[in-house]
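Trainee: Dropping a structure here in structure tokens format, bear with me for questions.
The values are calculated or read from the model by the stated rules, or taken from the named source; none is laboratory data. Because the structure is a prediction, the values reported are computed rather than measured. Using ideal geometry, Cβ is built from the backbone for each residue, glycine included, and neighbour counts are taken over all protein chains shown.
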Amino acid sequence: MMLGRQEREQEWLFSVGRLRDLIPEDHILRRVDRVLDLSWLRDEVRELYDETQGRPGIDPEAAVRLMLAGFFHGIIHDRKLLREAQVNLAIRWFAGYQLHEELPEHSSLTRIRQRWGVVRFRKIFERTVAACAAHGLVSGETVHVDATLIRAHASMESLTRAHADAVWAAHAAVEPKPDPEPGGGPGRALGGAGRTTPPVELRSRTDPDATLAQGSRGQPSRLRYKQHTAVDGKGQIIVDVQVTTGRAGEGQQLLPQLERIEARLGIRIGAVTADQQYGTTENYGALEARGTEALIPPQRTVIRSTRPIGEFKFDARQDFFVCPRGRKLRFRSHDELGRRVYCSTRRDCGACPLAVTCIGATGVRALKIREGYAALLRARRRHLRREALDRMRLAEHRWQVEGVHGEEKEQHGLRRAARRGLGNMQIQAYLTAAVVNLKRLAGQTHYGIESMARARRSIGARVPSFAALLRLAA
């Protein structure tokens, strides 16, 4: 065999052939192009533009295809995306730009996000969910719900002490109080003698929507957002995604997510899996009332009394508690937090030998519970006698939804926010979730739903490593 030589001195002025033919058949953008339908988008955003005057803007479908192509390659910044599109034939072809056509400025994509708002990008995500459901990838039989923290696009040096208006108003309304530490210190007077310093909160000057939140495994507090994700167990499709500040409670997002999923797809969710953060009394009661099975481990009970509430038997049918000595505690009223208060009588507790370790200064024992307490007790009993099938479905939660979070962060740039503000973070979450769903849909049409389901089940049964999850998702 002779030693070959490739001439590099001359460049072709003309080329014959289609740009599509230069891209491998199994390239992810070619596979996604077969299932992506954005023909509806132009009419959706038409009202945001003036069709009689002004310069022609970027074609809406071309702009969204550019954004999606960037997320497929893990490129979340517009400037870097357009630089990559200059030399990447696949991105240029996917967005519909010929070799001789000039790509738009990176700032044009920023203005499009500002003009369209969160609503239009939510519809893009919802269309991918509907397409996956139409191809049989969504059943609603089991939905896995979890949350993950995302680093904000702001540094810790941007933190400042901000006084909330409500706190200022509250302190202005109360009477001045004496300084608890005369001469200075943490209780130093502010704005006059006797007025103490009001509480403060840390807030970022550059991204006020981001809040301090502590990561898992002892990670320090950082400015973060929190993404709440719901994944359907049949095809590992993201059926709902919502972004909140880093301090938002996870359990409070569960029921609104399920309602959005059912309204979006017109299905009834059979079961939901989540971790202990979602195992609240309100969630158990609401899930039981709506007929949804709760595969959620109950939260650990914090014992603050020598005679905790667990030693009192609750009769849900007749609505009273029974103490260890057989006396009844009946419902009295609701407290300021909306909890139901059950109290004993002085006559029952006066001669009780357990009174020293049970009752307080009021002379009676009071128990406070939230609505759905009976459902919480039933959930605890079910968790103790959980059958093998339920344990398997609960074990799937980790690789189903946490695997999706790992995929989004490692492959599609969700580890950190690309822009500042809750609205921009929500748009990023919608586009990332749309990319994950389009990958599933493209894989289903390429390999078939049965082969993909068998592969997912086999990997899940082996308790996969993180790398295996990423290989499966790709």
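Trainee: Hey, among GLU175, GLU141, GLU126, GLU181, which residue is surrounded by fewer than 20 Cβ atoms within 10 Å (Cβ to Cβ), among the acidic types (Asp, Glu), at pLDDT 85 or above and more than 19 Å from HIS228 (Cα to Cα)?
Mentor: Details: GLU175 fails: at pLDDT 85 or above; GLU126 fails: more than 19 Å from HIS228 (Cα to Cα); GLU181 fails: at pLDDT 85 or above.
Of the residues listed, the single one that is surrounded by fewer than 20 Cβ atoms within 10 Å (Cβ to Cβ), among the acidic types (Asp, Glu), at pLDDT 85 or above and more than 19 Å from HIS228 (Cα to Cα) is GLU141.
Okay, residues lined up against (1) within 30 Å of PRO297 (Cβ to Cβ); (2) touching a strand residue (DSSP E or B) at 6+ places or on another chain (Cβ under 8 Å); (3) of a type in the set (Gly, Ala, Ser):
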{"position": "GLU407", "(1), (2), (3)": "yes, no, no"}
{"position": "GLN411", "(1), (2), (3)": "yes, no, no"}
{"position": "GLN426", "(1), (2), (3)": "yes, yes, no"}
{"position": "ALA442", "(1), (2), (3)": "no, no, yes"}
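Trainee: Kindly list the number of the only condition in (1) at pLDDT below 95; (2) closer than 26 Å to ALA271 by Cα that fails for ALA429.
Mentor: Among (1) at pLDDT below 95; (2) closer than 26 Å to ALA271 by Cα, the lone unmet condition for ALA429 is (1).
Trainee: Also, quick follow-up: Among the candidates ARG30, ARG46, ARG79, ARG34, single out the residue that is within 19 Å of GLU102 (Cβ to Cβ) and outside the structural domain of GLU408 (by TED's automatic domain parsing).
Mentor: Working: ARG30 fails: within 19 Å of GLU102 (Cβ to Cβ); ARG46 fails: within 19 Å of GLU102 (Cβ to Cβ); ARG34 fails: within 19 Å of GLU102 (Cβ to Cβ).
Selected residue: ARG79, the only one of ARG30, ARG46, ARG79, ARG34 that is within 19 Å of GLU102 (Cβ to Cβ) and outside the structural domain of GLU408 (by TED's automatic domain parsing).
Trainee: Every residue in segment 315-349 that is in a helix (DSSP H, G or I) and of a type in the set (Asp, Glu), please. Step through it out loud before you land on a result.
Mentor: Initially, segment 315-349 is screened for residues in a helix (DSSP H, G or I), giving 346-349.
Passing the criteria: only ASP348.
Trainee: What number of residues in segment 63-105 are among the β-branched types (Val, Ile, Thr) and either surrounded by fewer than 20 Cβ atoms within 10 Å (Cβ to Cβ) or touching a Phe, Trp or Tyr at 6+ places or on another chain (Cβ under 6 Å) (or both)? Write out each step before concluding.
Mentor: Taking segment 63-105 and keeping what is among the β-branched types (Val, Ile, Thr), we get 64, 75-76, 87, 91.
Those still in the list that are either surrounded by fewer than 20 Cβ atoms within 10 Å (Cβ to Cβ) or touching a Phe, Trp or Tyr at 6+ places or on another chain (Cβ under 6 Å) (or both) too: 87.
Residues in segment 63-105 being among the β-branched types (Val, Ile, Thr) and either surrounded by fewer than 20 Cβ atoms within 10 Å (Cβ to Cβ) or touching a Phe, Trp or Tyr at 6+ places or on another chain (Cβ under 6 Å) (or both): 1 in total.
Trainee: Follow-up. Would you pick out the residues in segment 330-351 that are within 17 Å of SER305 (Cα to Cα) and buried (at least 17 other Cβ atoms within 10 Å of the Cβ)?
Mentor: TYR342, CYS343, SER344, CYS349
Trainee: Mind counting the residues in segment 152-172 that are crowded, with 18+ Cβ neighbours inside 10 Å and either at pLDDT below 55 or within 30 Å of ARG416 (Cβ to Cβ) (or both)? Give the derivation first.
Mentor: Let us first name the residues in segment 152-172 that are crowded, with 18+ Cβ neighbours inside 10 Å, namely 152-154, 171.
Right, trim to either at pLDDT below 55 or within 30 Å of ARG416 (Cβ to Cβ) (or both) and you get 152-154.
Qualifying residue count, segment 152-172: 3.
Trainee: Tell me, which strands (runs of 3 or more DSSP E) wholly within segment 212-314 include 3 or more residues that are without any contact (Cβ under 8 Å) to a residue 60 or more places away in the chain and at positive phi?
Mentor: Working: elements: 221-232, 237-245, 271-273, 293-295.
No strands (runs of 3 or more DSSP E) qualify here.
Trainee: Give the residues of segment 350-373 that are modelled with pLDDT under 85 and in a helix (DSSP H, G or I), sorted by residue number.
Mentor: Listed by number, the residues that qualify are GLY350, ALA355, VAL356, THR357.
Trainee: Within segment 32-75, work out how many residues are assigned to a loop (DSSP other than H, G, I, E, B) and of a type in the set (A, V, I, L, M). Talk me through it step by step, then tell me what you get.
Mentor: Quick first cut of segment 32-75, residues assigned to a loop (DSSP other than H, G, I, E, B) only: 34-40, 49-59, 73-75.
Retained after the next criterion (residues that are of a type in the set (A, V, I, L, M)): 35-36, 38, 58, 75.
So the count comes out to 5.
Trainee: Also: Does GLY406 satisfy being assigned to a loop (DSSP other than H, G, I, E, B), in contact (Cβ under 8 Å) with a residue 40 or more places away in the chain and surrounded by 16 or more Cβ atoms within 10 Å (Cβ to Cβ)? Before you say what the answer is, go through the steps one by one.
Mentor: Working: assigned to a loop (DSSP other than H, G, I, E, B): no; in contact (Cβ under 8 Å) with a residue 40 or more places away in the chain: yes; surrounded by 16 or more Cβ atoms within 10 Å (Cβ to Cβ): yes.
For GLY406, the condition - assigned to a loop (DSSP other than H, G, I, E, B), in contact (Cβ under 8 Å) with a residue 40 or more places away in the chain and surrounded by 16 or more Cβ atoms within 10 Å (Cβ to Cβ) - is not met.
Trainee: With respect to THR197, determine if the residue is surrounded by fewer than 21 Cβ atoms within 10 Å (Cβ to Cβ), at pLDDT 75 or above and not assigned by TED's automatic domain parsing to the domain that holds LEU394.
Mentor: Values: surrounded by fewer than 21 Cβ atoms within 10 Å (Cβ to Cβ): yes; at pLDDT 75 or above: no; not assigned by TED's automatic domain parsing to the domain that holds LEU394: yes.
No: the conditions fail for THR197.
Trainee: Here's another thing I want to ask about it. So, in segment 294-320, how many residues would count as being closer than 18 Å to THR357 by Cα and touching an Asp or Glu at 6+ places or on another chain (Cβ under 9 Å)? Talk me through it step by step, then tell me what you get.
Mentor: Initially, segment 294-320 is screened for residues closer than 18 Å to THR357 by Cα, giving 302-313.
Checking which are touching an Asp or Glu at 6+ places or on another chain (Cβ under 9 Å) leaves us with none.
Counting residues in segment 294-320 that are closer than 18 Å to THR357 by Cα and touching an Asp or Glu at 6+ places or on another chain (Cβ under 9 Å) gives 0.
Trainee: Can you pull out the residues in segment 240-297 that are surrounded by fewer than 20 Cβ atoms within 10 Å (Cβ to Cβ), in contact with a Leu (Cβ under 7 Å, 6 or more places away or on another chain) and within 21 Å of ARG339 (Cβ to Cβ)?
Mentor: ALA286 - this is the single residue of segment 240-297 that is surrounded by fewer than 20 Cβ atoms within 10 Å (Cβ to Cβ), in contact with a Leu (Cβ under 7 Å, 6 or more places away or on another chain) and within 21 Å of ARG339 (Cβ to Cβ).
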